[in-house]
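What follows draws every value from the coordinates through simple rules; no lab data is involved. Small disclaimer: the values here were computed from a predicted structure and weren't measured. Cβ placement follows ideal geometry from the backbone for every residue including glycine, while neighbour counts extend to all protein chains displayed.
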Amino acid sequence: MRRRKEDLLSSFRHALQGLGYVLQVERNARIHLAMAILVIIASAYLGISPTEWALIMIAIALVFVGEMLNTVVELTIDLIMPENNPLAKHVKDVAAGAILVAAIVAAVIGFLLLGPPLWLKIGTLFRWT
């Protein structure tokens, strides 16, 4: 039984090291983290519903998981194909494009869910409503 517990703890430690690596070496991951923190603060301030929270968290997770998978693709291509190769470039570009799509969708979700209540809050501050 002791062996299983150590294996589970090692798995969590390795996973956290992987997350830390991505945040340390990938500028875009740090940008996504900063945006996620801002969105979470805005969501808490606006008092969104549990369903809206779920959508926001799914969008944040989608972007982070995608960013991490993009890093895996880049590292793997660099490992197996250190020299320049047009196909390797296309693989990296497609992976980066997938993150772009995820980030755009996350931004749209954020705008749709947070835009209207934020506009109302700002309007009441300035007496627009």
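A few comments on the model shown:
- Gyration tensor verdict on the range 28-69 (Cα atoms; rounded if a/c is under 1.5, prolate if a/b is larger than b/c, oblate otherwise): oblate
- Matching label, Rg/Rh (Cα atoms, Kirkwood Rh) computed from the structure shown, candidates (i) 0.93; (ii) 1.12; (iii) 0.98: (ii)
- Each of 83, 67, 74 was scored by other Cβ atoms within 10 Å of its Cβ. Arranged with the fewest first, they read 83, 74, 67.
- Dipole moment magnitude, nearest 20 debye, the chain about Cα centre, only Lys, Arg, Asp, Glu C-beta charged: 480 debye
- The angle between the Cα long axis of helix 50-80 and the longest principal axis of the Cα atoms of the chain comes to about 30 degrees, rounded to the nearest 10.
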